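What follows is calculated from the coordinates using simple rules that are stated; it is not laboratory data. No experiment lies behind these values; they were computed from the predicted model shown. Note: ideal-geometry Cβ built from the backbone for every residue, glycine included; neighbour counts use all protein chains shown.
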Amino acid sequence: MSRPYDWLIVGAGFTGAVVAERLARGLNQRVLLIDRRDHVGGNAHDRRDDAGRLIHPYGPHVFHTNSARIFDYLSRFTAWRPYEHRVQAMIDGQAVPLPFNLQSLRLLFPPATAARLSRRLIAAFGADARPTIHDLRSAADDADLRFVADYVFDKVFAAYSAKQWGVAVDDLDPSVLGRVPVVIGQDDRYFTDRFQAMPRDGYAALFARMLDHPNIHVSLNTPMSQVQPKAWTRMVYCGPLDDYFESAAGALPYRSVRFEHRAVDVKDGLPVGTVNHPQAPGFTRITDFRHLTGERGPTTATVIEYPTAHRPGENEPYYPVLSEASHALADQYRAMARSLEGQVWFAGRLADFRYYNMDQAVGRALSLVDKALAPAISRMAA
Ligand SMILES: Cc1cc2nc3c(=O)[nH]c(=O)nc-3n(C[C@H](O)[C@H](O)[C@H](O)COP(=O)(O)OP(=O)(O)OC[C@H]3O[C@@H](n4cnc5c(N)ncnc54)[C@H](O)[C@@H]3O)c2cc1C
């Protein structure tokens, strides 16, 4: 029998791919990287559609980070195309900037009302502040502020979140609604990070370069259950946390999405990358990929997102649903996971049961290697 791999990495998304790359290239380890899907890249995977347009099959992935370390690391595998994502929300038939800002107020209210509400917001929070909707609601100590807080909460956040998460908005972890601020100014960028750019040749090309190393063997269409335990020595697991333990303590809640991809004439495309539809039945948002990719042509590729219940084996667990109850259940599994450390490590959006953006998944992988895996390898060699 051939020599076992030093490491089995389960899941070839950003977390697993970065761990594989660092172990192989940085620490000279032999790595078997598997994914049950037919491609690497996890949810950040991209590909060309039938007409050659670059699309993101699992929904729009816009790269942004404040970390020079993470940006520099990824820059080893890709050049970048600068891109600042802009989003609008369709409120009562009017498209307005999202994050909701003072221009959104002007588009939705008569000029005198918008001016009065803007003055009250600036007085309460300061010009260009970025309070969360929770900050706005708890500071609503006069009639005008209360009005804006309730309006934005109802029209922008509540209905969208109920659709997105499939639970009443009050049952969600406060961090979920806190992810998109309200802007007391004119800034209409969706993200404010220092580095905002798309991989120039796409994510699939970035992953191909990252994993192009003789120490890395990639096996696709390979669920963990198909790999012989004898084939590896240590494991990094990036799949769903509860799956690993066969849901022994109960199933963790995830949310899935049905993506409806369409090609449309450019004249029917969107004015910005994404338009959210908080009030529409069934779907949450539409994205027009030409903004993200910079590609031009007579037609453009769009995707409409319909959040749905997660049905294991039938659809993908895209989003961990964060609530007090799911935190408590995940903590039970984390304790079980810790007891395996030394042989199996858990990392990534699914295995940590945390809502990571791509840069956070990369950061998690880099620090796992530096702080846990490299020391474990040194101990083994000693
Ligand atoms: C709709 C959507 C939009 C997003 N937009 C953005 C964005 O604009 N910007 C941003 O920064 N982030 C975005 N994200 C988040 C981003 O997708 C994640 O941060 C990133 O993909 C996390 O990487 P990961 O490797 O931890 O997980 P994943 O990408 O989920 O990879 C895990 C992999 O493990 C595999 N796997 C699971 N179980 C097994 C098993 N038993 N055997 C073998 N393989 C297994 C899965 O097939 C999967 O490929 C978005 C996410 C979604 C769902």
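In whole Hz, what ³J(HN,Hα) sequence does region 173-189 give by Karplus (6.51, -1.76, 1.60; θ = phi - 60°), x for Gly and Pro?
4, x, 5, 5, 6, x, 5, 10, x, 10, 10, 8, x, 9, 4, 10, 6
Using modelled backbone amide H atoms (1.01 Å from N, in-plane), which distant-in-sequence or interchain residues come within less than 5 Å of Asp46's amide H?
Under 5 Å from the amide H of Asp46 lie the amide H atoms of Tyr203, Ala204, each far enough along the sequence or on another chain.
About the Cα centre, and with charges only on the beta carbon of Lys, Arg (+1) and Asp, Glu (-1), how big is the dipole of the chain? Nearest 20 debye, please. Walk me through the numbers before you get to the answer.
Working: 44 positive and 42 negative charges, 196 e Å.
Using only the charged Cβ atoms, the result is roughly 940 debye.
Explain nothing, just the number: relative contact order of region 260-382, from Cα pairs under 8 Å at least 6 residues apart, as a whole percent. Show your work: numbers first, answer last.
On the way: 113 pairs, mean separation 21.3, N = 123.
In percent, rounded to a whole number, it is 17.
For n ≥ 4 DSSP H runs only, could you compute -39500 (n - 2.57) per run for the chain, divide by its residues and tell me the 222 nm figure to the nearest 500?
Values: 14 runs with 116 residues, N = 382.
The per-residue figure over the chain is -8500 deg cm²/dmol.
Just to check I understand the Karplus step: with θ = phi - 60° and J = 6.51 cos²θ - 1.76 cosθ + 1.60, what whole-Hz values come out for region 284-293, glycine and proline as x?
9, 7, 10, 10, 10, 5, 5, 5, 6, 8
Identify all lysines with a Cα-Cα distance to Lys267 below 30 Å; exclude those on the same chain that are fewer than 8 residues away in sequence.
Partners within reach: Lys155, Lys163.
Take the alpha carbon atoms of region 361-382, find their center, do the same for region 244-291, and report the distance between the two centers in whole angstrom.
So the separation of the two Cα centres works out to 35 Å.
Given H placed 1.01 Å from N in the peptide plane, which residues other than close sequence neighbours of Val236 have an amide H under 5 Å from its amide H?
Leu8, Ile9, Val10, Trp345
Which angle from 0 to 90°, rounded to the nearest 10, does the C-alpha axis of helix 111-125 make with the longest principal axis of the chain?
50 degrees
So how much slack lies between Arg194 and Asp268, counting 0.36 nm per residue of separation and subtracting their Cα-Cα distance, in nm?
Details: separation 74, 0.36 × 74 = 26.64 nm, distance 3.19 nm.
Once the chain is fully extended between Arg194 and Asp268, it gains 23.4 nm.
Residue-wise, which Karplus ³J(HN,Hα) couplings in Hz belong to region 255-260, taking 6.51 cos²θ - 1.76 cosθ + 1.60, θ = phi - 60°, and x for glycine or proline?
Karplus values, whole Hz, x for Gly and Pro: 10, 10, 9, 9, 9, 10.
Please provide three numbers in whole Å: the alpha-carbon extents of the chain along the principal axes, with the largest listed first.
79, 49, 38
What ranking of His61, His56 emerges when the number of other C-beta atoms within 10 Å of each C-beta is taken as an exposure proxy, fewest first? Provide the component values of the computation, followed by the final result.
Working: His61 20, His56 24.
Taking fewest neighbouring Cβ atoms as first place, the list is His61, His56.
To the nearest 10 degrees, how steeply does helix 358-368 sit against the main Cα axis of the chain, on a 0 to 90 scale?
Between the helix axis and the principal axis of the chain, the angle is about 40 degrees.
For an R0 of 30 angstrom, estimate the FRET efficiency from the Cβ-Cβ distance between Arg296 and Arg258 and round to the nearest 0.05.
Details: r = 29 Å, r/R0 = 0.95.
So, using R0 = 30 Å, E works out to roughly 0.60.
Can you list the aspartates and glutamates whose alpha carbon sits under 19 Å from that of Lys371, skipping same-chain ones fewer than 8 residues off?
Correct list for Lys371: Asp6, Glu21, Glu341, Asp352, Asp359.
If each residue of separation counts as 0.36 nm, what is the full-extension length gain between Ala112 and Ala249 once their alpha-carbon separation is subtracted? Mind showing how you got there, number by number?
Details: separation 137, 0.36 × 137 = 49.32 nm, distance 5.68 nm.
Value of the extension gain: 43.6 nm.
For the chain, what is the relative contact order in percent, using Cα pairs closer than 8 Å and at least 6 residues apart in sequence? Walk me through the numbers on the way to the answer.
Numbers: 694 pairs, mean separation 99.9, N = 382.
Computed over the chain, the figure is 26 percent.
Given N residues in region 100-177, what is Rg(Cα) / (2.2 N^0.38 Å)? All intermediate terms of the calculation are to be shown ahead of the outcome.
On the way: Rg = 13.0 Å, N = 78, 2.2 N^0.38 = 11.5 Å.
Against the compact-globule rule of thumb, the ratio is 1.13.
Using only Cα atoms, locate the centre of region 5-58 and the centre of region 159-196, then give the distance between them in Å, rounded to an integer.
Each part's Cα centre sits 28 Å from the other's.
Quick check: residue separation of Asp38 and Phe283 times 0.36 nm, minus the Cα distance between them. What number comes out in nm? Please report the intermediate quantities before stating the final value.
Details: separation 245, 0.36 × 245 = 88.20 nm, distance 2.69 nm.
Once the chain is fully extended between Asp38 and Phe283, it gains 85.5 nm.
At a Förster radius of 41 Å, what calculated FRET efficiency corresponds to the Cβ-Cβ distance of Ala123 and Ser67, to the nearest 0.05?
Details: r = 35 Å, r/R0 = 0.84.
The computed FRET efficiency comes out at 0.75.
For region 100-177, what relative contact order do you get, as a whole percent, if you take Cα pairs closer than 8 Å and at least 6 residues apart? Numbers along the way, then the final one.
Details: 38 pairs, mean separation 18.0, N = 78.
Relative contact order of region 100-177: 23 percent.
Can you put Thr192, Thr65 in order of Cβ neighbours within 10 angstrom, beginning with the fewest? Could you put the intermediate results ahead of the total?
On the way: Thr192 14, Thr65 21.
Final ranking by Cβ density, sparse to dense: Thr192, Thr65.
To the nearest 10 degrees, how steep is helix 143-152 against the longest Cα principal axis of the chain, on a 0 to 90 scale?
Approximately 50 degrees, to the nearest 10.
Between Arg81 and Lys371, what is the label-point separation in nm under the 7 Å Cα-to-beta-carbon projection?
Roughly 3.6 nm, to one decimal.
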